[in-house]
Amino acid sequence: MNGRQIRYYSDDRLVFDHTDADPYPGGWFAFRTVASHFHIEDFTVWRPPVT
């Protein structure tokens, strides 16, 4: 699904797979924590293939 699919993998294992029925056409992406912290390594975002 072009631009609607959100997948999260951890150690090459699919953790969740979500299809967004009404995705934003553009904008920003961020992580947020409250009263905690986390560390991210090897983070990658791919653009969906043009169909």
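The values are calculated or read from the model by the stated rules, or taken from the named source; none is laboratory data. Every value quoted in this text rests on a predicted model; they were computed, and no experiment measured them. Note: ideal-geometry Cβ built from the backbone for every residue, glycine included; neighbour counts use all protein chains shown.
Of all residues in segment 2-30, count the ones that are among the aliphatic types (A, V, I, L, M), exposed (fewer than 10 other Cβ atoms within 10 Å of the Cβ) and either part of a strand (DSSP E or B) or modelled with pLDDT under 85 (or both).
2
Considering only segment 1-49, state which residues are touching a residue at least 12 places away in the same chain (Cβ under 8 Å) and of a type in the set (A, V, I, L, M).
Of everything in segment 1-49, those that are touching a residue at least 12 places away in the same chain (Cβ under 8 Å) and of a type in the set (A, V, I, L, M) turn out to be M1, I6, A21, V45.
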